[in-house]
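The values are calculated or read from the model by the stated rules, or taken from the named source; none is laboratory data. On a predicted model such as this, the values are computed, not experimentally measured, just so you know. Cβ placement follows ideal geometry from the backbone for every residue including glycine, while neighbour counts extend to all protein chains displayed. For accessibility, only protein heavy atoms count, side chains too; no ligands or nucleic acids. Shrake-Rupley method; radii C 1.70, N 1.55, O 1.52, S 1.80 Å.
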Amino acid sequence: MSRIQTTFQRLDGAGRKALIPFITAGYPAAELTVPLMQALVAAGADIIELGVPFSDPMADGPTIQRASERALALGMSLRKVLQLVSDFRAGDDKTPVVLMGYANPIEAMGLGTFAEKAAHAGVDGVLVVDYPPEEAAEFGAAMKAHGLDPIFLVAPTSTPERIAQVAAIASGYVYYVSLAGVTGSSALDVAAVAERLPAIRAQTGLPVGVGFGIRDAATAARIAGFADAVVVGSRIIEEIENAASACANAGMLVAELRRGMDEMQRG
């Protein structure tokens, strides 16, 4: 059983939902990435999504774009991201780490080589924004051959056929994009998200995480009322971006999100 599956089972048994914060590897500096990951876990993160910087991050809004550009300017690469995961694993062998990024760096490394190196580094899942499920059989097979969970996005515009294709190849969890836009958008309609999830659950028994547009504890708590996981990215990057102490600021935000989600579950 993978670390991701174990985490969701543990949380389900405790009546809790997963909190999945996103940070960009190498931002604001490579030497701060592992301390940031550790701070997120200490504050209540259950799974960490670690962004692989890319020069054309089409699904990301301006906040994560800036972080990605800065990380690339400082020399971050896919190989260095995998080393950061390995460094994190030296002190934490329980918290799942999901790489989130784009196809180009993986294709440049070679799919098989990437899968092997990612597994060796301690990666648990991989979400590639621009691998559509109908063209991702090879990707899914390579990930699963090395014990990695291939994770896919489902959008408000996804058809039942597309959701079925995702369900056939995905493992770990399904990531529901809560709005038709980029990361950091603020036009989140929580009621519309809640209405959409039953159609996804009808196609898959995997946990469903919701992300894009979640910016505060109140919204995270409402999403946790019907989703299995809450994913927060741009809001955390903003805390890092404007912080004298990136780890402290990110940790405080995650702790606030965690409290809001847990209070909702207790209520």
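Ranked by the mean number of other Cβ atoms within 10 Å of their residues, highest first, the peptides 68-78, 47-57, 156-166, 228-238 come out as 228-238, 47-57, 68-78, 156-166.
Considering only the Cα atoms of segment 1-137, their convex hull presents on average a projected area of 8.7 nm².
For segment 222-267, the fraction of 1.4 Å probe accessible surface lying on carbon and sulfur atoms is 43 percent. Couplings for segment 105-113, taken from phi via the Karplus curve 6.51 cos²θ - 1.76 cosθ + 1.60 with θ = phi - 60°, read x, 5, 5, 5, 6, x, 4, x, 5 Hz in order; Gly and Pro are left as x. Relative contact order, whole percent, for segment 135-267 stands at 19, derived from Cα pairs under 8 Å and 6 or more residues apart. Under a 5 Å amide H cut-off, with hydrogens placed 1.01 Å from N, Ala18 pairs with Ala229, Val230 among residues at least 5 apart or on other chains. Put simply, the amide H of Gly51, placed in the peptide plane, has neighbours under 5 Å in Ile23, Thr24, Ala25, Met100, leaving out anything fewer than 5 places away on its chain.
With θ taken as phi - 60° and the Karplus curve 6.51 cos²θ - 1.76 cosθ + 1.60 applied, the whole-hertz 3J(HN,Hα) list for segment 221-231 is 5, 5, 5, 5, x, 9, 9, 8, 8, 10, 10 Hz, x standing for glycine and proline.
Against the empirical 2.2 N^0.38 Å (N residues), segment 193-236 has a Cα radius of gyration ratio of 1.16. If each Cα of segment 50-90 is one equal point scatterer, what is log10 of I(q)/I(0) from the Debye formula at q = 0.15, 0.30 Å⁻¹? Results for segment 50-90 at q = 0.15, 0.30 Å⁻¹ read -0.37, -1.00. Taken per residue, the accessible surface of segment 116-267 reaches 40 Å², heavy atoms only and a 1.4 Å probe.
Overall, the accessible surface of segment 120-163 at a probe of 1.4 angstrom is composed of carbon and sulfur to the extent of 54 percent. Backbone geometry of segment 20-27 corresponds, through the Karplus equation with coefficients 6.51, -1.76 and 1.60 at θ = phi - 60°, to 3J(HN,Hα) couplings of 10, x, 10, 9, 8, 4, x, 10 Hz, x marking Gly and Pro. Based on C-alpha pairs under 8 angstrom that are at least 6 apart in sequence, segment 81-214 has a relative contact order of 20 percent. Per residue, the chain reaches -15500 deg cm²/dmol at 222 nm when only DSSP H runs of four or more residues are counted, each adding -39500 (n - 2.57). In the calculated pair-distance distribution of segment 102-174, the portion above 14 angstrom amounts to 56 percent of the Cα-Cα pairs. In the structure displayed, which of Lys80/Lys144; Lys17/Lys80; Lys80/Lys117 lie more than 20 Å apart, Cα to Cα? Where the Cα-Cα span goes over 20 Å, the pairs concerned are Lys80/Lys144; Lys17/Lys80.
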